[in-house]
């Protein structure tokens, strides 16, 4: 599992609930304390936690967690209705999601409460939670809940009742945010799952009319998906995966962000095949591509691309989902996203967009390494041109990663795209930009090898004798101007030079020999013009002679 998809704490302002409210005495039957090594020094009469337990457990009263879970239970009498923001037209299978709670779900709630009561018999400390002040909240939960921050909710006939419903919604949100934070810890996540949190979250997702409540539920589930035990429980919970997949048809960006984070974490776990098969239906695949191509939210776009990259990098997920995603327009998506982001860079939105370009290029790079008829998938010349544009980006620090990734992609694509190599060999601006990239890849063996492989594939395609004087002068000038970069790279990797071999056809030898031929031909023409009375080139010729000797030296050494 990558670091980016490790459990996260709730990102909004309400994530401070642990700091501000969790320390209040007796809140919901428990209080939050911090171990040694946290925010302060432990009282002298309490021992410090063993070093092995530090940062792994916290002294959160289990009864407090139970009380928070109970606060998330939706009201049994509420009307269960999917949010209007769901685009039902994109999922015609689910034409109507408006129905009242059926008897089986009521029975499930009663079963949850009964099970909690049984647990309370063995732990008297829970009686105050099960029989305390939570019931008042439960009676009003989801009654009068607003659809959004600007639209009044269902009228109750009483301003006091409406105000009370808003207060209760805020209480639900606070409880959910605390659980969101606590679920990032494995031991807490397992405890929550063992105490019916999945049942409660599933019920809340069905009942929710508020994007904020849906976001919190998905955020908690996203953290649970990062832990193997709780992820296993999620897979085993009937209807939960299907409900999560259906959240892809939300229109709220925060809900979609948490949905993609959840799915990304799940595809990185040991149950990735089950999650991938759950996504494997036409509407979901089309919706994923549509969201990535049409969202204007930068964070959501990054998470969409991260999800697609996870699909490719996970062998099990790729076997199941890659072909359908390509069928529904993955390659068109990649081309369109890259073109759009490069246009944004031209509008000088550099700082905001470089990270997205890096992710898109990582996606293209991952695709270019697959054995999946990539010569057909990447047959579009537009993609080649876009990658070349990335290599030609200005020499700025922000573009370093993008240009390095583009080099590796071009090297991969040229393996199956020799027809494009002829075009690139005539693009001297591209060759110059490629040489400018050499210092950027000095410490990256893969990217460095890619540069020399590209050059060894392009330069031999340039005719030795039929080249025009103008083209020869331009190409030789590029080599001479970049000779310092070539020399520094060769000397910094001199320890990697292989013993002399008459049959050595390594990319570096092939490239250096072709550079030597071009420079030698250029010097010969200069000498002829000098003999005819043309002025001498001076310093340029000296640098050319030095480059020529350098190339010959390393060709004979390698």
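The values are calculated or read from the model by the stated rules, or taken from the named source; none is laboratory data. As the structure is a prediction and not an experimental result, all values here were calculated from the model. Ideal geometry is used to build each Cβ from the backbone, glycine not excepted, and the neighbour counts take in all protein chains shown.
Values as computed for the structure displayed
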item: Given (1) assigned to a helix (DSSP H, G or I); (2) surrounded by 15 or more Cβ atoms within 10 Å (Cβ to Cβ), number of the condition residue 393 does not satisfy; result: (1)
item: Pairs, first without any contact (Cβ under 8 Å) to a residue 40 or more places away in the chain and assigned by TED's automatic domain parsing to the domain that holds residue 258 in the range 195-213, second assigned to a helix (DSSP H, G or I) and surrounded by 21 or more Cβ atoms within 10 Å (Cβ to Cβ), C-beta under 6 Å, six or more apart; result: none
item: Subset of the range 188-208 (residues that are more than 16 Å from residue 259 (Cα to Cα) and in a helix (DSSP H, G or I)); result: 188, 189, 190, 191, 192, 193, 194, 197, 199, 200, 203, 207
item: Out of 516, 476, sole residue that is modelled with pLDDT of 90 or more, in a helix (DSSP H, G or I), in contact with a helix residue (DSSP H, G or I) (Cβ under 8 Å, 6 or more places away or on another chain) and over 26 Å from residue 406 (Cβ atoms); result: 516
item: The range 162-203: number of residues that are within 24 Å of residue 228 (Cβ to Cβ) and in contact with a helix residue (DSSP H, G or I) (Cβ under 8 Å, 6 or more places away or on another chain); result: 23
item: Flag for residue 334 being assigned by TED's automatic domain parsing to the domain that holds residue 367 and either surrounded by 19 or more Cβ atoms within 10 Å (Cβ to Cβ) or within 16 Å of residue 260 (Cα to Cα) (or both); result: yes
item: Residue check, residue 341 within 25 Å of residue 395 (Cβ to Cβ), without any contact (Cβ under 8 Å) to a residue 60 or more places away in the chain and outside the structural domain of residue 229 (by TED's automatic domain parsing); result: yes
item: Residue among 458, 470 that alone is free of Cβ contacts under 8 Å to residues at least 40 places away in the same chain, out of contact with any helix residue (DSSP H, G or I) (no Cβ under 7 Å at 6 or more places or on another chain) and part of a helix (DSSP H, G or I); result: 470
item: Scan of the range 301-318 for residues that are touching a residue at least 40 places away in the same chain (Cβ under 8 Å), over 27 Å from residue 391 (Cβ atoms) and surrounded by fewer than 21 Cβ atoms within 10 Å (Cβ to Cβ), ordered by number; result: 316, 318
item: Test: residue in the range 501-512 that is part of a helix (DSSP H, G or I) and modelled with pLDDT under 85; result: no
